[in-house]
Every structure is written in structure tokens, then in C-alpha cells.
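The values are calculated or read from the model by the stated rules, or taken from the named source; none is laboratory data. In this text the structure is predicted, and so the values were computed from the model without any measurement. Cβ atoms come from the backbone with ideal geometry, glycine included; neighbour counts cover every protein chain shown.
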Amino acid sequence: MRRTILKLALFAAAIGMTAPIMAQSPAKFGYGSADDHPQGLAAKRFAELVKDKTAGRIKVNTYGSGKLGSDPAMQSSVQGGTLEFMVGPTSNLVGAVKEFAIFDLPYIVSDYKEADALMDGPVGQQLLAKLDGIGLVGLAYWENGFRSLTNSKHPVKRLEDMAGLKVRVIQNPVFIETFKTLGANPVPMPYTELYGALESKAVDAQENPVGLIDTSKFYEVQKYLSLTGHVYSPFIVIASKKWWGKLSDADRKAVKDAAVEAGKYERQLQRDQAVKLLEQLKAHGMQVNELSPAELQRLRTAVKPVVNKFAREIGGDLVQQVPGIKG
């Protein structure tokens, strides 16, 4: 009996000695964009940074182009603990944390300086903290960008040109209300279904930043691009709270730092490419038009009731901290 106990003790000790250096299963990181979009490039950078910062203890495999499902589906998987990471629009979180609708309010952000202040300042960080209550860990904000409108019908140069357009929008009440107010017919659907809907003419139009318009090849099924800049849309990197709870404090810090660092890289990529992308879209045959300052002001005025309505619904101290909502 004594010999058996000794063998068991030695076996347990051996397990204890090897456990810390055993490689864990690679974490999966899902995203909807193509691999050559800044989102995809930054996901690869994130994986490299995590490996370096954890001395190889954590490996991350990346899956782009919606291979792991639509953004809402991936979000559900992260909450359930079957997917470790994803990056997607903050808009998808509104159903679970209503305050994330702040980012969707039209024309509350005018430039990149204001965008960075909103994401990286007190409002953005308090929003990240709210994810803890729904099984998620908010790691960092990346950039989707200022959203613009494309369509296959006609140039949109004035508010009146929106009338009757069937516009695919994110499955989010703020976007639906915004485009109703502008006179369009909003059609909510997942991003992964969008190209097919445009190709089949199930919808006439869509709205996204120029980076996604280019890498998703919407120029193949859309003729007109109008630089409406109606919403500044962040991406958010989230992790499974279930997975996160298994990490040491040091590895948690390493992963979060990697997400923030990759985010700085991704934002700069987006901004550096902006002008070049417009030229590429023109070369692909898109007709690109800017709206006059007076027409942009008309759009702002038209959607102000939407901003006021959802600001009241969101409520709380966070709304009062956003200058663009009160302005």
C-alpha cells in the first residue's frame, strides 16, 4: 500500500511539474472582413503580439471573412465560451448593453480626433467595463471608420435622393430609425449576406466605411458612392469571460496590451488608406461624390430627432459626457 501511495505521489508531482509548460489549445479569433482588410491585418498582428508577449504560452489562430459565422453569431459564441475572441462592430452589442448605441448616433463625431477621444476616454472605457456583466471582456477599440452610402440606382447628392432606396443596415434600432428618417427603406440583415443581396437587387444600397466597400468588392454590384460620413463606427475586440478567467494576471495584461497595440496599428492603416481607397474605387468604376457642407448640415438637422430620441432612451451619465450629442 505504501509503495502504491508513493507511486501516485510521484505521478502527481510529475503532472504538477509539467502542467505550467504544456501548450494550451490555440485560441480562435473570428472577424467578418477579408484578410487583406485592416481588420484582418490587425488580427494577424494581434496574434503575433500575443505569442510574443506571453512567450508562446498563448497561441491565437485567426479566421476571417465570416468563416466562424456572422458577427451576431460569433458574439453569441464568445459569450457562451465556445469562441475565445472576435472583433466586430460595437453596434452588435446594443441589444445586450444599450449604452453602446452611443457610437451609432448619427453625426455626433466629426473627425478622427473626436473619435479617438470618445473611444479611448472615459466614455469608451466605461462601456468596456459594462461587458463584464454579460460574459464578455472588452479589450480594445479598433476602427471601422466613417460610414458612407453606396447604391445601384442613382447618385445621392441631396437629402431627397435617399427617398425610397432599399438600404441594408446593421440589425440595430438606431440605424433603422436613422434611415427611415432620411426617407429610405432600411433592410436589416447580417453583413455576411450583404453581397448576395446587392447582387440579386434584394436591396439597392448599403452603408459602410470605404475600407469595407473596397475589400468586399461592393464596386462589382454598386455604381454610386456618396461620402455622407453619417456615423463613425468603431470595431471592438472582445474575449470570452469564461476563457479569460483561466489566465494569469500577467497573461491577461499581455493579451489586453496586444489588443490595444494592434488597434493603434489598425487605426493608422485605415486612415492612411482612406484617400488611396477612393481612387481605387473610382478606378473600379464607381462614381464618387462628396456632399456640400450645406447638404451635410441638412442631413444633420434631419436626423437630430433620432439623436435626441435615442439619447433619452440610453439615458444616464454617459450620454451627458458626449459633446456631439448635446451639440
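Those residues that are more than 18 Å from Tyr224 (Cβ to Cβ) and surrounded by fewer than 22 Cβ atoms within 10 Å (Cβ to Cβ), I need them from segment 140-171; list them, please. Residue satisfying the conditions is Gln171 alone. Residues that are in contact (Cβ under 8 Å) with a residue 60 or more places away in the chain number at least 1 in the following strands (runs of 3 or more DSSP E) confined to segment 49-166: 85-89, 136-146, 148-151. Pick from segment 286-327 the residues that are more than 15 Å from Tyr107 (Cα to Cα) and among the β-branched types (Val, Ile, Thr): which of them is surrounded by the most Cβ atoms within 10 Å (Cβ to Cβ)? It comes out as Ile314.
In segment 50-61 there is no residue that is under 21 Å from Tyr265 (Cα atoms), modelled with pLDDT of 95 or more and under 13 Å from the mean Cα position of the chain (by Cα). For segment 216-251, the set of residues classified as under 26 Å from Ala101 (Cα atoms) and in contact with a His (Cβ under 9 Å, 6 or more places away or on another chain) consists of Ser216 only. Of the residues making up segment 188-215, those that are farther than 25 Å from Ser76 by Cα and surrounded by fewer than 17 Cβ atoms within 10 Å (Cβ to Cβ) number 4. The residues in segment 78-94 that are over 14 Å from the mean Cα position of the chain (by Cα) and either surrounded by 19 or more Cβ atoms within 10 Å (Cβ to Cβ) or closer than 24 Å to Val174 by Cα (or both) can be counted, and the count is 4.
Residue-by-condition table, conditions (1) in contact with a Pro (Cβ under 9 Å, 6 or more places away or on another chain); (2) modelled with pLDDT of 95 or more; (3) closer than 26 Å to Asp249 by Cβ:
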| position | (1), (2), (3) |
| --- | --- |
| Gly81 | no, yes, yes |
| Pro89 | yes, no, no |
| Tyr107 | no, yes, no |
| Val137 | no, yes, yes |
| Phe146 | yes, yes, no |
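Among the residues of segment 188-224, those identified as part of a strand (DSSP E or B) and under 24 Å from His284 (Cβ atoms) are Ala205, Gln206, Glu207, Asn208, Tyr224.
Checked against the criterion of being among the aromatic types (Phe, Trp, Tyr) and at pLDDT below 95, the candidates Phe29, Phe85, Phe11, Phe100 yield just one match: Phe11.
Applying the criterion of at least 3 residues that are among the aromatic types (Phe, Trp, Tyr), within 27 Å of Ser152 (Cβ to Cβ) and under 24 Å from the mean Cα position of the chain (by Cα) to the helices (runs of 4 or more DSSP H) found wholly in segment 255-327 leaves an empty list. Residue count for segment 290-324 satisfying the condition of being closer than 15 Å to His230 by Cβ, in contact with a Leu (Cβ under 8 Å, 6 or more places away or on another chain) and aliphatic (A, V, I, L, M): 6.
All conditions but one from (1) over 22 Å from His230 (Cβ atoms); (2) without any contact (Cβ under 8 Å) to a residue 60 or more places away in the chain; (3) more than 25 Å from the chain's Cα centre (by Cα) apply to Arg252; the one that does not is (3). Taking the criterion of being over 23 Å from Glu143 (Cα atoms) and among the acidic types (Asp, Glu), the residues of segment 272-323 that qualify are Glu295, Glu313, Asp317. Only one of the numbered conditions (1) touching a residue at least 60 places away in the same chain (Cβ under 8 Å); (2) more than 11 Å from Pro106 (Cβ to Cβ) is violated by Ala283, and that is (1). The number of residues in segment 172-187 that are crowded, with 19+ Cβ neighbours inside 10 Å, over 19 Å from the mean Cα position of the chain (by Cα), touching a residue at least 24 places away in the same chain (Cβ under 8 Å) and assigned to a loop (DSSP other than H, G, I, E, B) comes to 1.
Exactly one residue among Tyr265, Tyr232 is within 21 Å of Ser110 (Cβ to Cβ), in contact (Cβ under 8 Å) with a residue 60 or more places away in the chain and in contact with a Leu (Cβ under 9 Å, 6 or more places away or on another chain), and that residue is Tyr232.
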